[in-house]
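Working notes, beginning with the structure itself.
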Amino acid sequence: MNKTWLIIKREYLSRVSKKTFILTTVLTPIGFVIFWIALIFIMSSGVEKKKIALLDPSDALQISEKGKLRDGMVSFSYPKKNLDELKLTFIDEGFKGILFIPEQSLDSATTTFNIHYYSNDDISISTQETIKKAIAKHARKIKMYQLGINDVLLNKLNTKIALQPKNLDETKEDVSDKRAYVATALGAIMMFLIYLVIFIYGNMVMRSVMEEKTNRIVEVLISSVRPFQLMLGKIVGVGAVGLTQFAIWALVFPLLYLGVGLTFSGKLSQLQELTTTSTSNSNDMEKIMFIFQELGNFNFGYIIFIFLIFFLGGYVIYASLFAAVGAAMGDDWGEGQSLTLIVAIPVIIAFYIGIAVIENPTSTLAVWSSIFPLFSPIVMPARIVFDPPVVQIITSVIVLILTSILFIWISGRIYRIGILMYGKKTTLKDFVQWMFRKD
Amino acid sequence: MNVLELQKVRKTYQEHVACDDVSFNIEKGKIFGLLGPNGAGKTSLIRIITTITKADSGSVLFNGVPLNAKHPSQIGYMPEERGLYKKMKVGHQITYLARLKGFSKKEAFNQLDYWLDKFNITDWRHKKIEELSKGMQQKIQFICTVIHNPELLILDEPFSGLDPINTNLIRDEIYELNKKGTTILFSTHRMEQVEQVCENIVLINKGKNVLNGPVSDIKNQFKEHIYQIDFIGKLPENIEEHVTVVEELESSIKVQLIDVGHANKFLNYLLTQKTLVTGFNEILPTLNEIFIKIVGGTSDE
């Protein structure tokens, strides 16, 4: 065991101390932060309140009677000047543009209302929308008054449809309708993460095995340690590198989130204020609030625990397969491509099943593919947020663990023969033969 | 006392028989040659001794004990196809391999200092293997093989790919280790090297051992009573009535005699014929000749 530990340490340290590891580990969060800060600046510059002068000489909008236009991202001023005068001075007075209302009537029969906008700059889409919405809302107010409708009456026309998913088991709490959305997103993220890990770190194991084989150092190594120890050390060492990277990110991202939040708190609260007062975004805001509320309703301890089991199980199964493939490959990269594909196919199939499963987490396909060990590491995490029956989870975990052990054993058998084979193209038949060959 | 005893070791790969009841002993402190043409089964045999693979049948005793998991730490093995981690630094590389052989960190570092100092290469310590030349890498490879003070050193074609300077350096190092008591198993198909270094040999062909014993015994066993006679002047004219002339030069002649007793008679004959003899030597066959004679047309290559 001591020797395996030495191998794990070498595999781990040689990777963690590599420039590429340090760069990707550090640069990824930094990249996110830069992206994020840029986003804040872009958004806050975009939502800067624009002062616009509104000229309504014919009083079509009946500002004095019906009140001023609602401010959102645009604040309206009502200077007492005429259009030609203002055209010369509006920039000096701090206006972005002039909104001129030509003479026309505005009553319940009006279908189109013309307004003119004067400015040195092109009018942005968001400003256009804001202005149009503000005027439309105001027009609606005037029309409602003329038609004798009030808000109370209007609201009577609306019927809110509440779809409530009911739990069959009456003792259990009913789930909220928003939960499905959140669960879908969460499941997809976890599934994608495992999919990536299998490919990135599985490939790393394979390359590492091949490197030792093409270097010819492997014969020296296995005259000191058993091939199985060597393979195991590699799988654990590379896996630890992956976990380290995730752990660093898991620590750094919330810190950075907090840091950015504090540093730009002024800008952020300004942003928030604007979005909440703005008429257009209140619905989105509400949704976001719901999502956050809903996120709190998930049992994260449980989800992360199950996720980790499948994460590790999936990694072990596929990394050991990749190790066997790496051992079987010769000095030539191209030779082993078909073998790599054989390992990659179940992962890709599992990914597509996973996508289907998120849509329909209780289908027969979902149940069986989340138990089948080559698919379950990707499919089960996608399902777990939908609270599958515990029996299924336990079955799946047991099958997963047994398969992991079996695959490590099988790969070890192939590996020990493969690493000493040179100059021969390996076929699937060889794999089977090597598995049953004695030492 | 034998470091290694092989008894009827047999190993097959599918239909191919790599080792067919091979038996030999390696005496402690000796330099032992494992000979055979390419594909004779040398590497298979070495892989069994180094516990990389297991024999199908037969037994391998290390210091009288059947091979077990503790023995690899007492064996140093330099395979024919060798290599190192290209990206690893010299110091790390050597200590890593020493520790895999069971050395503690401290022992590994002590040994590293000793060997780097011995080869005068302390300033290479922090260089990566890929930065070194081929010859330098071979020195490191050798250090990696002997770093853990093995009792038995197995060298598979140790001089292949070495330049003459490194060949001498490594050969001297092998002698020195041998003097300190290390037993050496030297595997090669190059006979002239064996003659220089080995005291005992085993010759393997097609997985079977065909010859086994001290080099001098084997040479005697295969001698054909060929003598070289150096002389001044003229040989008797009817010399071919007495012996078979193998080769005739201006002042020396090679003849084949019937047996050792014949040599005396023949010398006597020459003297009575008033030939001025300046030298009379028995020519023993070289291992190469024996090798070719035995392996001859039966080799795979």
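The values are calculated or read from the model by the stated rules, or taken from the named source; none is laboratory data. All figures in this text were calculated on a predicted structure; none of them were measured in a lab. Note that each Cβ is placed from the backbone with ideal geometry, even for glycine, and that neighbours are counted across all protein chains shown.
The table below lists the values:
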read-out	value
Odd one out for B:G76, checked against (1) modelled with pLDDT under 85; (2) more than 23 Å from B:G207 (Cα to Cα)	(1)
Single match in B:K86, B:K54, B:K101 (criterion: facing chain A (nearest Cβ under 7 Å), within 14 Å of B:I140 (Cα to Cα) and of a type outside the set (A, V, I, L, M, F, W, C))	B:K86
Single residue of A:S396, A:S370, A:S363, A:S411 found to be in contact with a Leu (Cβ under 9 Å, 6 or more places away or on another chain) and either within 14 Å of chain B (Cβ to nearest Cβ) or not charged (D, E, K, R) (or both)	A:S411
Of residues in region B:57-72 being within 12 Å of B:K8 (Cα to Cα) and within 23 Å of the chain's Cα centre (by Cα), the one nearest to the other protein chains (Cβ to nearest Cβ)	B:V60
Output for region A:414-439, where each listed residue is assigned to a loop (DSSP other than H, G, I, E, B), more than 11 Å from every other protein chain (Cβ to nearest Cβ) and of a type in the set (S, T, Y)	A:T426, A:T427
Where B:V194 falls short, out of the listed (1) at pLDDT below 85; (2) of a type in the set (A, V, I, L, M); (3) outside any helix (DSSP H, G or I)	(3)
In region A:1-32, residue nearest to B:A98 (Cα to Cα) [restricted to those that are away from every other protein chain (no Cβ under 14 Å) and without any contact (Cβ under 8 Å) to a residue 60 or more places away in the chain]	A:I22
Verdict on A:V379 being buried (at least 21 other Cβ atoms within 10 Å of the Cβ), at pLDDT below 90 and in the same structural domain as A:Y201 (by TED's automatic domain parsing)	no
Matching residues, region B:104-141, being crowded, with 20+ Cβ neighbours inside 10 Å and more than 28 Å from the chain's Cα centre (by Cα)	B:A108, B:I129
Residues of region B:160-178 that turn out to be surrounded by fewer than 19 Cβ atoms within 10 Å (Cβ to Cβ), in a loop (DSSP other than H, G, I, E, B) and either not assigned by TED's automatic domain parsing to the domain that holds B:E81 or not polar (S, T, N, Q) (or both), as a count	2
Restricting region A:188-221 to residues that are among the polar types (S, T, N, Q) and more than 10 Å from chain B (Cβ to nearest Cβ), the residue that is farthest from the chain's Cα centre (by Cα)	A:S208
Any hit, region B:229-243, residues being surrounded by 14 or more Cβ atoms within 10 Å (Cβ to Cβ) and part of a helix (DSSP H, G or I)	yes
Within region B:51-72, tally of residues that are farther than 17 Å from B:T12 by Cα and either crowded, with 17+ Cβ neighbours inside 10 Å or among the hydrophobic types (A, V, I, L, M, F, W, C) (or both)	7
Some residue of region A:67-81 being farther than 30 Å from A:G266 by Cβ, without any contact (Cβ under 8 Å) to a residue 40 or more places away in the chain and either of a type in the set (V, I, T) or assigned by TED's automatic domain parsing to the domain that holds A:G259 (or both)	no
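Table: residues versus (1) of a type outside the set (D, E); (2) at pLDDT below 80; (3) assigned to a helix (DSSP H, G or I).
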position	(1), (2), (3)
A:A247	yes, no, yes
A:L256	yes, no, yes
A:V260	yes, yes, yes
A:G266	yes, yes, yes
A:S269	yes, yes, yes
A:L274	yes, yes, yes
A:N283	yes, yes, yes
A:F298	yes, yes, no
A:I304	yes, no, yes
